[in-house]
Every structure is written in C-alpha cells, then in structure tokens.
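Working notes for the structure below.
Here, each number is a calculation from the coordinates, and none is a lab measurement. On a predicted model such as this, the values are computed, not experimentally measured, just so you know. Heads up, the Cβs are rebuilt from the backbone with ideal geometry, glycines too, and the neighbour counts pull from every protein chain shown.
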Amino acid sequence: MKLTVIGTGYVGLVTGACLAEMGNAVTCVDVDEQKIARLREGILPIYEPGLETIVTENQKQGRLRFATSLADPGAEAPVYMIAVGTPPGEDGSADLQYVLAVARDIGRRISQYTVVLDKSTVPVGTAERVAGVIRGELQQRGLSVDFDVVSNPEFLKEGDAVQDFMRPDRIIIGSDSERAREVLRELYAPFMRTHERIIFMGVRDAEMTKYAANSMLATKISFMNEIAGLCDRMGVDVENVRLGIGSDSRIGYSFIYPGAGYGGSCFPKDVRALIQMARQTGFEPMLLNAVEARNHAQQRVLYQKILQHFGPQLAGRSFGLWGLSFKPGTDDMREAPSTVLLRDLIASGARVKAYDPAALEVARRDLPRTWFESGQLQLVEQQYDALKGADALVLITEWKPFRHPDFTLVKTLMKSPIVFDGRNQYDPAQLRGLGFTHIGIGRGGEA
Ligand code: NAD
C-alpha cells in the first residue's frame with residue numbers, strides 16, 4: 001500500500017519505518033528541512049532502539065522516502081497519517097494548529113478517495129474539525145472528493161517504540177465508515193499474525209480512549225507516589241507495599257513504582273488536556289486534578305529530601321546526577337523530572353555534574369545556556385565522572401547501567417557517600433552496609 005506519514009518525530013518516524021518494513025511504500029513528510037536532509041543521509045533525529053536499522057534498510061530498498069512537503073510529487077497517496085505534535089496550549093488544552101495546518105494541506109491536494117488518519121493525540125471532536133477543514137478546502141477548489149477522517153491513536157512507548165508498533169497490544173480504529181475500516185484492516189493485517197488486535201469503535205470513542213489510557217497510567221503513578229509519601233511519614237517501606245499489592249491480579253505490578261514523578265511528552269500534557277476537555281463541558285475532573293497536583297509535588301520530592309538532609313544552604317554543594325531523560329531508553333527530556341530538579345538545585349546555588357546514556361546532546365541543546373555559562377551545570381560523558389567530588393549522588397532515571405554500579409568506586413570518588421535514590425533502585429540495607437546514607441522514595445525514613 002502507498003501511504004504518507006506527516007510529522008517525522010517519535011511517532012511519525014517509527015510508524016513510517018515500521019510500515020515500510022512490512023512492504024508498504026511510505027513517504028515521511030516533515031516541515032523541518034534539516035531533519036529531512038539528515039534522515040536522507042541515514043542520520044536519525046531521535047534515539048530509539050532498533051529504529052536506525054529499519055530506517056536505513058528501508059530507505060536503501062526504496063520503500064521509505066523523505067520529503068519536506070505534501071507538494072512533493074511522490075507524496076500523493078490514498079492514505080495520509082497525521083503524526084505531528086499536539087503540544088499543550090497556554091491553558092493546558094491541546095494546541096491543534098499543526099494538525100489543522102496539515103488538514104488544510106491535505107484538502108488542497110486530494111483528488112480521489114482518501115483515508116486520513118489522526119495518529120496524533122487529539123481531543124474528542126478533532127476528527128470532525130479535520131474533516132471540516134478538508135471539506136472547506138475542497139469546496140474552494142470546487143471539487144467533490146470522498147474522504148474519511150479516522151482516529152487511530154498511537155500507543156507506542158518511547159524506548160520500546162519499534163517493538164510496540166510491530167507487536168501492538170491493540171490497534172484502535174475510530175470510524176463508522178466501512179470503506180475506511182476495510183482499508184485499515186488491510187494496512188494493519190501484517191501486524192495480526194497471531195490474533196486479531198483491531199478494536200473498531202466510533203471516532204470520538206477512539207479519541208477519548210487515548211486520553212483515558214494515558215490518564216489511567218498517570219493515575220496509577222500518582223496514586224503510588226501518594227502512598228510513598230505516606231510511607232515515608234509512617235515508618236513503612238513502600239517497596240514491600242508495592243510487592244504486596246501488585247500480587248493482586250486486579251492491581252498488577254505495572255505502573256505502581258514510586259519515583260520522582262511522571263514526565264515526558266505525553267502523560268503531563270494528556271492529563272492536562274483531558275482536564276481542559278472536562279472543564280469545557282462544565283464537568284470538574286476531581287480525580288485528574290489530583291493526579292496532576294500530586295505529580296507536580298512529586299517532581300520536587302527529591303529536592304525537598306536534599307534540603308532536609310543538607311539544610312537550606314546548597315551554595316558550594318556539588319551533586320552527581322544520573323539520568324536526564326524522562327525515562328530509560330529515550331533521549332526525550334520533555335517535562336522530565338530531571339529538569340525540575342536541575343532548576344531547583346541551580347537556583348539554590350548548587351553545582352551539578354550530570355550524565356545520561358542518550359540525552360546529553362538534547363540536554364546541551366535544550367537546557368538554559370546560563371546554567372552552563374555559570375559553570376553550575378556540567379555534562380559528563382561517563383557515569384562515574386559525574387561523582388568526582390560530589391556531596392551526593394542523585395539517581396533520577398533508572399537506566400540499566402545505573403542499576404548495579406560499582407559502589408566501592410562510587411564511594412572513593414564522592415566527597416560524602418550519600419545516595420538520593422529517586423527510583424528506589426538500590427537496597428537500603430546493602431548500601432548502609434557499604435557505608436552509604438541511602439535516601440529513597442517512601443522507604444519509611446524521611447518526609
Ligand atoms: P514530535 O515533536 O517528536 O514530532 C512532531 C513532528 O511534526 C516534528 O518533527 C515537526 O517538525 C513535525 N511537524 C509539525 N508541523 C508539521 C507540518 N505542518 N507538516 C509536517 N510536519 C510537521 O512529536 P511526537 O512525540 O512524535 O508526537 C506526535 C503526536 O503523537 C503527539 O500528538 C503525541 O501526543 C502523540 N504520541 C506521542 C507518543 C510518544 O511517545 N512520543 C506516543 C503516542 C502518541
């Protein structure tokens with residue numbers, strides 16, 4: 001099948017590459033000309049395990065090509081997939097300007113039956129708006145062309161994106177059009193080798209499903225962080241509580257890890273967007289408000305623990321930070337808890353040496369210049385270099401190389417052997433045995 005994916009970020013590039021891998025002829029379009037030029041040379045704009053090989057191979061085989069505009073002669077296709085960003089607007093609702101700009105562009109070009117898929121995470125009612133924009137453009141051109149706008153939200157996880165796309169738990173197709181459903185059944189057939197995974201529903205239902213899924217996951221995290229806060233104050237070890245409740249199959253072990261709060265380009269913005277959607281209907285989303293508030297507070301818990309330990313004077317203190325990306329396996333730092341901690345530490349006059357296996361380039365590009373210029377933030381290329389002369393190690397992203405470090409070496413490098421374990425990766429008793437002070441999240445020690 002011939003298709004065009006618009007937006008070549010985490011979702012668009014993975015979608016385009018994986019669909020090309022299944023034998024389709026895919027054009028990936030992005031307005032970022034530099035991104036496209038580099039992709040044509042096989043240089044990926046993002047870090048995503050396994051993606052580079054698929055992009056390179058499919059480009060070589062001619063199944064995957066890159067373009068900077070829908071006007072590109074090869075970009076005309078019977079299926080367009082919209083995968084552009086939907087960042088939060090000022091009030092927290094999803095900013096649809098990029099999605100609607102693409103809709104206009106599509107309306108200006110199509111001349112035969114076309115299926116337009118919303119892969120971007122968009123509020124309920126967006127497919128109708130996209131259809132309205134396309135219809136408006138067609139009217140201006142004096143044309144009557146059949147098309148369907150389908151909601152096909154994406155559920156891939158950064159860090160596992162290729163795997164998730166190739167073996168999806170489910171594919172949600174929101175459309176009442178049998179013609180569109182048929183096209184998508186065919187498109188996704190190669191991903192259904194073991195069993196049927198498509199769930200068909202109405203277009204608004206599909207749009208809500210994506211927000212409900214992310215908000216449910218965010219709720220689990222905030223719930224557990226709230227319990228962790230309570231555990232800290234009541235002499236309870238949340239890790240035992242986690243094991244105890246996770247064993248209940250109705251609860252399960254996933255997404256009940258306490259930590260430094262959720263971040264990334266999806267959970268924070270999607271919870272906020274759902275809150276805005278609710279308010280627009282006059283419905284106050286009490287639970288979602290609390291999920292968001294708890295996360296906001298949780299992103300500052302490590303800093304509070306640092307203040308509690310060292311006192312309010314952090315000027316002259318030096319911290320080694322392990323992890324910058326919002327989670328392991330990605331270079332994405334959007335709304336990462338690390339940025340909140342860095343902002344607080346730097347504002348208090350502390351110095352930080354930070355290491356991350358994938359996000360150093362993004363950190364160099366996106367973090368405020370002044371942090372580097374003042375000498376307060378230094379990025380290092382090796383994990384142990386972050387610890388030289390440090391008053392404490394702060395673990396904030398649980399990348400695998402941080403899970404079982406050489407603590408004897410760690411201790412010799414640091415000024416004082418203190419570990420703020422923002423992801424409860426380490427055994428407190430073991431660390432204490434090695435002469436460390438271990439401060440985790442909800443381990444019953446401190447507020
Ligand atoms: P991203 O910021 O990584 O990429 C978006 C891309 O769209 C950018 O490269 C940008 O240049 C391009 N773009 C913007 N306007 C354009 C236009 N008019 N024409 C062509 N290209 C244009 O975003 P992302 O993380 O891939 O997310 C895309 C959407 O998918 C969002 O709605 C997001 O909520 C959703 N989503 C993201 C993830 C994730 O893990 N990142 C998972 C599921 C869903």
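Just to verify a number: FRET efficiency for residue 178 and residue 243, C-beta to C-beta distance, R0 = 35 Å, to 0.05? Calculated value: 0.15. Just checking the listed ones, 307, 156, 324: in the Gaussian network model of the chain with Cα springs under 10 Å, the one fluctuating most is 307.
Taking a ≥ b ≥ c as the square roots of the Cα gyration tensor eigenvalues, with a/c under 1.5 meaning rounded and otherwise prolate when a/b beats b/c, else oblate, which class fits the stretch 9-84? In terms of gyration-tensor shape, rounded. Scan around residue 172 for amide H atoms under 5 Å from its own, H built in the peptide plane at 1.01 Å from N, and keep only partners 5 or more places away or cross-chain. Answer set, sorted by chain and number: 199. Straight-line reach from residue 60: taking Cα to Cα under 16 Å and skipping same-chain neighbours fewer than 8 places apart, the aspartates and glutamates in range are 21, 41, 52. Distance distribution note for the stretch 202-447: the fraction of Cα pairs above 30 angstrom is 27%.
Here is what passes the span test in the chain: the DSSP H helices with alpha carbon length of 30 Å or more along the helix axis and a Kyte-Doolittle mean of -1.0 or above are 203-234.
Report the one residue of 224, 208, 428 whose Cα lies farthest in the direction of the positive end of the charge dipole of the stretch 202-447 (charges on C-beta: Lys and Arg +1, Asp and Glu -1; origin at the Cα centre). Checked the options; the winner is 428.
Summarising the strand pairing of the stretch 106-199, around 10 percent of its internal DSSP beta bridges are antiparallel.
Pairs from the list 35/210; 327/415; 327/353 with a Cα-Cα gap above 23 Å: 35/210; 327/415. Between the listed residues 357, 54, 5, the Cα displaced farthest toward the positive end of the dipole of the chain, a dipole computed from Cβ unit charges relative to the Cα centre, is found at 357. Averaged over residues, the count of other Cβ atoms within 10 Å places the peptides 435-441, 402-408 in the sequence 435-441, 402-408, highest first. Full extension of the chain between residue 233 and residue 135 gives 29.4 nm of extra length, using 0.36 nm per residue less the Cα-Cα distance. With the simple model of a label 7 Å out from the Cα in the direction of the Cβ, residue 370 to residue 101 spans 2.9 nm. When both bridge partners sit in the chain, DSSP labels roughly 5% of those beta bridges antiparallel. In the elastic network of the chain, a GNM with C-alpha springs shorter than 10 Å, the most mobile of 416, 318, 175 is 416. Below 8 Å between Cα atoms, with a sequence gap of 6+, how large is the relative contact order for the chain in percent? Worked out over the chain, it gives 12 percent. Simple point charges give the picture: +1 on the Cβ of Lys and Arg, -1 on the Cβ of Asp and Glu, and for the chain a dipole about the Cα centre of about 540 debye. Scanning residues 5 or more positions from residue 81 or on other chains, those with amide H under 5 Å from its amide H are 4, 5, 6, 117, with H placed 1.01 Å from N in the peptide plane.
Is the C-alpha gyration tensor of the chain telling us rounded, prolate or oblate? Criteria: a/c under 1.5 is rounded; beyond that, a/b larger than b/c is prolate, otherwise oblate. Since a/c reaches 1.5 and a/b is larger than b/c, the shape of the chain is classed as prolate. Please state the shape class of the stretch 15-148: rounded when a/c is under 1.5, otherwise prolate if a/b exceeds b/c and oblate if not, all from the C-alpha gyration tensor. Verdict is oblate for the stretch 15-148. Residue 341 sits among other residues whose Cβ lies under 14 Å from its own Cβ, and their net charge, with Lys and Arg +1 and Asp and Glu -1, is +3.
Charge dipole (Cα centre; +1 on Lys/Arg Cβ, -1 on Asp/Glu Cβ; no other charges) of the stretch 2-201 amounts to roughly 520 debye.
Any aspartates and glutamates with Cα under 13 Å of the residue 220 Cα? List them, leaving off those in the same chain fewer than 8 positions away. Leaving aside aspartates and glutamates fewer than 8 places away in the same chain, those within reach of residue 220 are 292.
Backbone amide hydrogens, once placed in the peptide plane, bring residue 25 within less than 5 Å of 2, 3, excluding anything fewer than 5 places away on its chain. The packing ranking of peptides 242-252, 327-337, 92-102, highest mean first, is 327-337, 92-102, 242-252, where packing means the average number of other beta carbon atoms within 10 angstrom of each residue.
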